[in-house]
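**Q** The structure under discussion is supplied below as structure tokens; questions concerning it will follow.
The values are calculated or read from the model by the stated rules, or taken from the named source; none is laboratory data. Source: prediction; values computed, not measured. Here the Cβ positions follow ideal geometry from the backbone for every residue, glycine too, while neighbour counts run over all protein chains shown. Note: areas computed on protein heavy atoms with side chains; ligands, DNA, RNA excluded. Shrake-Rupley method; radii C 1.70, N 1.55, O 1.52, S 1.80 Å.
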Amino acid sequence: MTAFIIRRLMQSVGVALAMSLIVFIGMHIVGDPIYILVDPQSDQAEIDATIRRLGLDRPLWEQYLLFLKGAVTGNLGNSFVHGTSALPLILERMPATLELAFASLILAIVIGIPLGLYAGLYPETVASRAIMAGSILGFSLPTFWVGIMMIMVFAVMLGWLPSTGRGPTATYLGMTSSLFTVEGWRYVLLPALNLALLKVSLVIRLTKSGTSEAIHQDYIKFARAKGLSRSRIVGVHLLKNILIPVVTVLGLEFGNQIAFAVVTETIFAWPGMGRLLISSIQSLDRPVIVAYLIITVLMFIVINLVVDILYSLLDPRVRLGEKSA
Amino acid sequence: MSVAEPTDPLGRVEPKARAAAETPFQRFVSDYFDNWIAAAALILLGALIALALAAPWLVPQNPYDLAQIDILDSRLPPGTPSSTGAFTHWLGTDGAGRDLVSAIFYGLRISLFVGVSSGIIAMALGAAVGLAATYAGGRIETLVMRIVDLQLSFPAILVALMLIAVLGKGVDKIVIALVTVQWAYYARTVRGSALVEGRKDYVAAARCLGLSNARIVFRHILPNCLPPLIVVATVQTAHAISLEATLSFLGVGLPQTEPSLGVLISNGFEYMLSGKYWISFFPGIALLLTIVSINLVGDHLRDVLNPRLSR
Amino acid sequence: MTTDALPAGPTLAVEGLATHFFTKAGVVKAVDDVSFTVSSGEVLGIVGESGSGKSITGFSILGLIDQPGRIVSGAIRFKGRDLRGLSENEMQGLRGDRIAMIFQDPMMTLNPVLRIDTQMIETVQAHRSVGRAEALELSRQALDQVGIPAPERRLKAYPHELSGGMRQRVAIAIAFLNKPDLIIADEPTTALDVTIQAQILFEAQKLCRATGTALIWITHDLAVVAALADRIAVMYAGRIVETGTTDDVIDRPLHPYTRGLIGSVPSHAGRGGRLTQIPGMTPSLIDLPAGCAFRDRCTVPIEACGVAPGVTSPRAGRHVRCHNPQFADVAP
């Protein structure tokens, strides 16, 4: 197990290095990187100073090492708009985004698995057909438009939930999150539901197809022949088999959630890093964009690593030593 | 692939007799129209495309001819007659006084154009790269597929946002971004089916006949890759339309001068908190109908074109 | 374990059982008018080709027939009680406790993501309120009984870590776990090597004799039941066509189908002799033609075969469903 994690970590470092190289090369292909890293309004003296400070007058390989050093030490340049270092700007908004993505993941599981299970167990009923039709719709609905309609219905027309912003936070076990307060959940519910929309459809489909496949397996019939209760057959024998693909896919989709939070955060004025990215793109605040990219790439790598480990813990048939990436 | 069992556990024999006189295309068409939902989706899609193409001759107003727009008509609720009395704003007007029916039909044109053109370019590019990689084999194939995998491991929206951050706004930029996001799916699809096809006997037979590799790839393997490619193309086009609308909504997609459905929805967003729902709602419905109908068609095409699933 | 006195008579008496599947293509009469009995400590072999309805018979007894299938008529008397009158809850209480089943493919019957101990303990605890430790000890004993070496280690294993034969022994141990009165074994050795097959047959037979469990052994392999069963029932197209004691049926088969089956077993044909085969295929069970279902493949059809034959008893303890039973000795 330890050997597996170490090897996986080494691979992750390799991927991170490859990605940093791509970002670095990308910056050079697009144009002189100085114009990516320096405020368009700055004069020649400032530009020269920055070139020297960032070492852009040195050979390419040395520049790359400097870029790496900057990335590792958290110095990726200052935001043109905020005037402060770009990396902390992203990092301080990260908890809000993670919180939103996490809440939507919970909703996707809580809503998707029971519905998918029902549709798989009773495929012929009207309710099941409605669930499956709804999941096709869920794949097709443009997230941003649904978000707008949610605000329209639940905030403007019914007035049940607040339309924008993040609720009060509380600190618990060293983590500060609005998920620890009731009011916080009132704020996060609509954006999380919006962000969960696609995932709910995905979980429903995965659970349903897993269920309808598993119920015809001999081990389910054998469990029935053993006289087990229906709840144990569904809750243990069936669910444990279905959960493996669902957890794996959801884990891998967590990165997607974070990326897609860009849209949800913009609609619901959620103070996360996605909203910062959009305003940075609009104002061409490039150091922030580069910092965002590096942070997300690192997050993706961590998520993939965690999912791999989780998968091997869940499925006894996967032997860690033999798995190749 | 296919289960070679004439009877199932109950001893039933699968009825598989079919009229031999049908051509494959006729069979495909009749298979497709067996499912009324898919048939309805195809008809709806056809109608939407026709409406978009014929928009200039159908709608009461050219929403981008400033001479035809009266700012006094702005934000009128659905069903209000226009100030000139010439026609009725059945779906209301937007913040600039444009008739929404007209704006939606024109918006549909732009959305479909961007989605379909980026889809076609991405398909051509992706299929070419996928085939070329399979044809070349070895290191080149590995390298290309690594790049494809790497790109696909990143969310499309993130890749598109980064490209736009670098390229800037505009129809051409959006199309470039959408093509970049999509090509990898096509490349992977083509390579996947090319590998499967390449192992089949007819390819071995073609080799024995001494045909050139290029001829085998393009005349023998490519046509057999088309069914999965078509399925991916429908799904990807729906994705592209949705993604363009999302980017435009975020304010980093199409400019106001090229108002796709996403731009229309975005424009209505600011009026929504004051209860003027229609400016965002109706363009959204048009977008939804477009995407749902394409997805339903694609979903059913997958069933019909997949020989393993055919009943 | 409770020791309620067995009521007089057989452990299981199936009378006129009919299980049909109502499919879109038509009604599949998978089991039609099937009757047999099996008593304590006795082994009944049900023999037939795939699709003859023998597995469906087993599932019918356990009440495990799913839509679109349904038991349409007949009685399944288990220790005098008709199981068809029981509620689903009562059936669930019987399954795995009084009546157990062993499946054909040991690779598929054990849940791949649960450890052996979990799958055994839950079987005990579903029927008896005992603690985990006690259930685990019972499981260990059961594994020991079926000849699994180092049972403690196997209990901690996942199914994929065991061989096919080992897995089938685990399945058998699970079946015997609650000391049932009846075990239905549905081709449990078909997927195994011949040597392992013989060992498992031996273990199963020994356990039944020792515990007084009645055993129904479903198979397509006449050689297997010949070595194991006390009595044989031959099934064809959803009906039992011949029953009798094993020796009697094998030495003096009455039904042309049974004769065909015996003729196709290598040991009976003699070294170097030609194996005979039954021409044709099992008919589709949808819209069976009127009359004897075997008529088209029969070597000795007569005119009366246009009408479905009833059951006759030409000898004591023998029943056959044929208009033209063959009394001549089987050719050596």
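**Q** Could you check the spin-label model distance between C:SER39 and C:LEU275? Points 7 Å from the Cα along Cα→Cβ, value in nm.
**A** Placing both labels 7 Å beyond Cα along the Cβ direction yields 3.7 nm.
**Q** Expressed as a fraction of 2.2 N^0.38 Å, the rule-of-thumb size for a compact globular protein of N residues, what is the C-alpha radius of gyration of chain C?
**A** Computed over Cα atoms of chain C, the ratio equals 1.03.
**Q** Here is a follow-up. Using the alpha-carbon centroid of each, what span in Å lies between segment C:44-93 and segment A:162-197?
**A** The two parts, judged by their Cα centres, are 54 Å apart.
**Q** Expressed as a whole percentage, what fraction of the accessible surface of chain B belongs to carbon and sulfur atoms when a 1.4 Å probe is rolled over the protein heavy atoms?
**A** 65
**Q** Follow-up. Name the residues of segment C:94-115 whose accessible area, probed at 1.4 Å, falls by at least 40 Å² once all protein chains are in place instead of their chain on its own?
**A** Listed by number, the residues meeting the 40 Å² cut-off are C:PHE103, C:MET108, C:THR109, C:ASN111, C:PRO112, C:VAL113, C:LEU114.
**Q** Can you list the residues, at least 5 places off or on another chain, whose amide H is less than 5 Å from the amide H of C:GLY69, using H built in the peptide plane?
**A** When sequence neighbours closer than 5 places are left aside, the close amide H contacts are C:PHE22.
**Q** Expressed as a whole percent, how much of the Cα-Cα distance distribution for the protein assembly as shown exceeds 37 Å?
**A** Within the protein assembly as shown, distances greater than 37 Å cover 61 percent of Cα pairs.
**Q** Report the longest stretch of chain C that contains none of the trypsin sites (Lys or Arg not before Pro) sitting in a DSSP loop with at most 15 other Cβ atoms within 10 Å.
**A** Result for the longest clean stretch: C:157-270.
**Q** Chains A and C: buried accessible surface, both sides, probe 1.4 Å, rounded to 100 Å²?
**A** The A and C chains share an interface burying roughly 2200 Å².
**Q** So, one more: Work out the FRET efficiency for C:SER73 and B:ALA204 from their Cβ-Cβ distance, taking R0 = 56 Å, and round it to the nearest 0.05.
**A** The formula returns an efficiency of 0.50 here.
**Q** Distance from the Cα centre of segment B:98-161 to that of segment B:253-287, in angstrom?
**A** About 25 Å separates the Cα centre of segment B:98-161 from the one of segment B:253-287.
**Q** Based on the Cβ-Cβ distance from B:ARG146 to C:GLU161, what FRET efficiency comes out when R0 is 35 Å, to the nearest 0.05?
**A** The computed FRET efficiency comes out at 0.50.
**Q** Sticking with this structure for a sec: Compute the long axis of helix A:273-282 from its Cα atoms, compare it with the longest principal axis of the Cα atoms of chain A, and write down the angle in degrees, 0 to 90, nearest 10.
**A** 50
**Q** Distance in nm between label sites at B:ALA128 and A:ALA49, each 7 Å beyond Cα in the beta-carbon direction?
**A** That separation, rounded to one decimal, is 4.8 nm.
**Q** Now, a different point. If I compute solvent accessible area with a 1.4 Å probe over the protein chains, what percent of it on chain C is carbon and sulfur?
**A** Exposed carbon and sulfur together represent 53 percent of the surface.
**Q** Taking amide H positions as placed in the peptide plane 1.01 Å from N, state which residues far from C:ILE102 in sequence (5 or more) or on other chains have amide H under 5 Å from it.
**A** Excluding prolines and chain starts, which carry no amide H, the hits are C:ILE184, C:ALA185, C:ASP186.
**Q** Output ³J(HN,Hα) for segment A:179-184: one whole-Hz value per residue in order, computed from phi by the Karplus curve 6.51 cos²θ - 1.76 cosθ + 1.60 with θ = phi - 60°, and x for Gly and Pro.
**A** Coupling constants for segment A:179-184: 6, 8, 10, 5, 4, x Hz.
**Q** Then there is this: What accessible area, summed over both chains, is buried at the C-B interface (1.4 Å probe, Å², nearest 100)?
**A** 600
**Q** Using all Cα-Cα distances in segment A:94-272, what percent lands in each 10 angstrom bin from 0 up to the longest?
**A** Result, from short to long distances: 10, 33, 30, 19, 8, 1 percent.
**Q** Could you sort out which of A:LYS240/C:LYS206; A:LYS208/B:LYS200; A:LYS199/B:LYS276; A:LYS226/C:LYS156; B:LYS200/C:LYS54 sit more than 28 Å apart by Cα distance in this structure?
**A** A:LYS240/C:LYS206; A:LYS208/B:LYS200; A:LYS199/B:LYS276; B:LYS200/C:LYS54
**Q** Determine the per residue accessible area of the protein assembly as shown with all protein chains present and a 1.4 angstrom probe, expressed in square angstrom.
**A** 46
**Q** In segment A:229-249, what residues drop by 30 Å² or more of accessible area when the other protein chains are put back, versus the chain on its own? Use 1.4 Å, and skip ligands and nucleic acids.
**A** Checking the loss per residue gives A:ARG232, A:HIS237, A:LYS240, A:ASN241.
**Q** Using just the helices of chain C, give the 222 nm mean residue ellipticity in deg cm²/dmol: DSSP H runs with n ≥ 4 each add -39,500 (n - 2.57), and the total is spread over all residues, rounded to 500.
**A** Mean residue ellipticity at 222 nm (helix-derived): -9000 deg cm²/dmol.
**Q** With r as the distance between the Cβ atoms of B:LEU167 and B:GLU270 and R0 = 25 Å, compute the FRET efficiency 1/(1 + (r/R0)^6) and round to 0.05.
**A** Calculated transfer efficiency: 0.40.
**Q** Suppose a student asked you for the relative contact order of segment C:126-198, using Cα pairs under 8 Å spaced at least 6 residues apart; what percent would you report?
**A** Across segment C:126-198, relative contact order equals 31 percent.
**Q** Report the Cα-based extents of chain B along its three principal axes, largest first, to the nearest Å.
**A** 75, 50, 35
**Q** Between C:MET235 and residues 5 or more places away or on another chain, which pairs have amide H atoms under 5 Å apart, with H built 1.01 Å from N, and which residues are they?
**A** C:VAL47, C:GLY48, C:VAL241
**Q** Note the full-extension length gain between A:SER283 and A:VAL72 as 0.36 nm times their separation in residues minus their Cα-Cα distance, in nm to one decimal.
**A** Result for the pair: 73.4 nm of gain on full extension.
**Q** Given the -39500 (n - 2.57) contribution per DSSP H run of 4+ residues, what per-residue ellipticity at 222 nm results for chain B, rounded to the nearest 500 deg cm²/dmol?
**A** Here the helix-only value at 222 nm equals -21500 deg cm²/dmol.
**Q** Return the distance in nm (one decimal) between the two label points of a simple spin-label model at C:GLU303 and A:VAL156, each offset 7 Å from Cα along Cα→Cβ.
**A** Modelled inter-label distance: 8.9 nm.
**Q** Please report the accessible area of B:PHE28 (heavy atoms, 1.4 Å probe, ligands and nucleic acids excluded) in Å², nearest 10.
**A** Approximately 60 Å² of B:PHE28 is accessible to the 1.4 Å probe.
**Q** Using a 1.4 Å probe, how large is the accessible area of B:GLU258, given in Å² and rounded to the nearest 10?
**A** 70
**Q** Ok, one more. So what is the relative contact order of chain A, in percent, for Cα pairs below 8 Å that sit 6 or more residues apart?
**A** Relative contact order for chain A comes out at 25 percent.
**Q** What accessible area, in Å² to the nearest ten, does a 1.4 Å probe give for A:THR164?
**A** 60
**Q** Short version: what are the Cα gyration tensor semi-axes of segment C:108-177, square root of 5 times each eigenvalue, largest first, in whole Å?
**A** Semi-axes (√(5λ), whole Å): 18, 13, 11.
**Q** With an 8 Å Cα cut-off and a minimum separation of 6 or more residues, compute the relative contact order for chain B in percent.
**A** The normalised contact order for chain B reaches 22 percent.
**Q** Continuing with the same structure: Mind checking how much accessible area B and A bury in total, 1.4 Å probe, in Å² rounded to 100?
**A** 3100
**Q** Quickly estimate the mean residue ellipticity at 222 nm for chain A, helices only: each DSSP H run with n ≥ 4 gives -39500 (n - 2.57), and the total goes over all residues, rounded to 500.
**A** Estimated from H runs of four or more residues: -23500 deg cm²/dmol.
**Q** What ³J(HN,Hα) values, in whole Hz, does the Karplus curve 6.51 cos²θ - 1.76 cosθ + 1.60 give for segment C:192-206 when θ = phi - 60°, with x put for Gly and Pro?
**A** Result, rounded to whole Hz: 10, 4, 4, 5, 5, 4, 4, 4, 5, 4, 5, 4, 4, 4, 4.
**Q** What is the projected area of the convex hull of the Cα atoms of chain A, averaged over all directions, in nm²?
**A** Projected over every direction and averaged, the Cα hull of chain A covers 21.3 nm².
**Q** Follow-up question, since we're still on this one. Go through segment B:123-137 residue by residue and turn each phi into a ³J(HN,Hα) via Karplus (6.51, -1.76, 1.60, θ = phi - 60°); whole Hz please, and just put x for glycine and proline.
**A** Per-residue couplings from phi come out as 5, 4, 5, x, 5, 4, 5, x, 5, 4, 5, 5, 5, 6, x Hz.
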